[in-house]
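Worksheet: the structure to be examined is printed underneath.
None of the figures in this text is laboratory data; all of them are computed from the coordinates on show. Only a predicted model underlies this, so the values are computations on that prediction, with no experimental measurement involved. Here the Cβ positions follow ideal geometry from the backbone for every residue, glycine too, while neighbour counts run over all protein chains shown.
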Amino acid sequence: MKRFLSFAVAAALLLSCVLIVPQTAQAASVAYVKGGWLRLRATPSFDAPTLASYYTGTAVTVLSASGSWYYVQTGDGKVGYMYGSYLSFGGTPSPTPSGSGKGVIWAANGRDVRLRSGPGLNYGVIGSYSVGTSVTILSAGIDWHYVKAGKQKGYIMAQYVSTSSTPVTPVTPVTPVTPPSGGSYTGYVYAANGKKTNLRSGPGTGYPSKGLYKVGTVVTVLSHGNPWDYVQIGTTTGYMMTKYITTSYTPPVPTTNTIASAAVSTTTPHVGETLSVQVNPATATYSCQWYNNYGTLLANTNTYKVQDKDLGYSIMASVTGVGYTTGTAVTGYTSPVTYGSPITTPLTAVTVSNMNPTVNQTLTATAQPAGSTAVYMWYRSDGSTVGSGATYTVKSGDTGHRLYCVATGSGSYTGTVSSGYTNPVTGGTVTQPLSGSVTLPNAVKAGVTLTPTLVLNTYAVNYSWQQNGVVISTGSYLYVTDDMVGDDLRLTVTAQAGSGYEGSVSSSYCIVQKSVIE
């Protein structure tokens, strides 16, 4: 009977708390999201399902309050709970009352404005609307408005919606005027810096580009102006700045080079070293063939990486001009190839083929970079060494433990790297009792996150939180809410199926106290 009366009193207090809106919320029925994205949850709990997320500046209507949580309605019609620490009641007032505002789409550059499915640039585009389109502002925010445009509803950035009583004059697209017959003439694209020039849809840098054209491109000037000409390039018409069009362009004459000499980049090559050719003049373009001192062709590339098979041989190169370069040249022979100083490469990572291992499964470790050589050792999370080599077959004794691999470079590879831990091994046929302790504090206050201390012979366990004997959560931690004040909390952990362990361990009871003593 006493337990029943306690529940009744708690329920009455909770109901009165839900129905009474704090004074700050009453003073401002509209609140604004702050601090980044804020989740709208199904119930006033951090463990509750997320209904949606909203960007900083989004306006919401506060319906009621429950402790640190507010029951709100968003501009897109959703209702749920938002945590009060991320709501602002004293921010900039909404420029237009929610649900009754009228606005006009406006952009200084005259381009269409996108309507998105959510209040952020990462949301999908529902449609695009031209400057001057009328919209109804269903819910106004600092950065984004929730609007209706035609039959579609969505979000538009607030800076592109004008609510001014003065009508917005839309940008009028420019209609080119065709010059009279015989009025056109031929010109050429020209820029002193040699860069390409934009052809635009209108006479201004704010208009979209219709293409980039290189110096020397032939254009037909249909109408000459200042600072823009209306031109045609091929079948495309548009506007180009007058200063980038000339009628006296003379294409540059390519400079012709003749190869005078060539030399290998080093005369004492080592295995693993990459050779190149230094050609005179440096502006020459050429093809290259590499030979050893027995006349064997090694490669038809402009560079050559010395290999083990070249050990003891001398190397030379023959170059032939291509393009605007003429002539040929032959380098002298290098000294015989040696090993020289060893070239080493550090390991960067090691990966395990399966991060969810089961008993009798074979795991494979691979060191990076690809093709590297290494010595591998396998370990368990309890510090035991369980194997060596690039592969390891999981044993029943590994059940419930996490595995990882350490690779140490060998040959021309150096350094030691470790993989991440796998998930606990499952599938073992031998089981043993789950043992150890689960510890909670004797008392805890509402508004904190309750995290247990586990000392167990395996961490492959499932969680079960009980409030007065009733299961309320299966997470690894529990957020303590005001409606738990006066109740007993307890955590029971149970060995996961296939972990190699069985049974459960429970904590002692933890009583929930008020977060503020009145």
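Overview of values
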read-out: Cα centroid of segment 215-245 to Cα centroid of segment 385-400, whole Å; value: 73
read-out: Proximal lysines to Lys102, defined as alpha-carbon separation beneath 16 angstrom and excluding residues fewer than eight positions away on the same chain; value: Lys148, Lys151, Lys153
read-out: Translational D in µm²/s for segment 442-498 (Stokes-Einstein at 25 °C, 0.890 mPa s, Kirkwood Rh from C-alpha pairs); value: 201
read-out: Reachable lysines, given that their alpha-carbon falls under 19 Å from the alpha-carbon of Lys243 and they are not under 8 places away in the same chain; value: Lys195, Lys196, Lys210, Lys214
read-out: For segment 259-273, Karplus couplings with θ = phi - 60° (6.51, -1.76, 1.60), whole Hz, Gly/Pro x; value: 5, 9, 6, 8, 8, 6, 4, 8, 9, 10, x, 10, 4, x, 7
read-out: Interchain or long-range residues, amide H under 5 Å from Tyr286's placed H; value: Val322
read-out: Gained length - Asp308 relative to Ser437, 0.36 nm times residue gap less alpha-carbon distance; value: 40.3 nm
read-out: Inter-probe distance in nm under a simple model that places probes 7 Å from Cα toward Cβ, at Ser68 and Lys445; value: 1.1
read-out: log₁₀ of I(q)/I(0) at q = 0.13, 0.17, 0.19, 0.30 Å⁻¹ - segment 101-162, Debye sum with one point per alpha carbon; value: -0.26, -0.45, -0.57, -1.50
read-out: Loop trypsin sites (Lys or Arg not before Pro), segment 190-232 (other Cβ atoms within 10 Å of the site Cβ: 15 or fewer; DSSP); value: Lys195, Lys196, Lys214
read-out: Per residue, the convex hull volume that the Cα atoms of segment 185-246 enclose (Å³); value: 72
read-out: Point-to-point label distance, Tyr249-Leu121, nm (Cα→Cβ direction, 7 Å offset); value: 3.5
read-out: Mean-position separation - Cα centroids, segment 32-77 and segment 246-299, in angstrom; value: 67
read-out: Exposure proxy order (Cβ contacts within 10 Å, fewest to most) of Met377, Met82; value: Met377, Met82
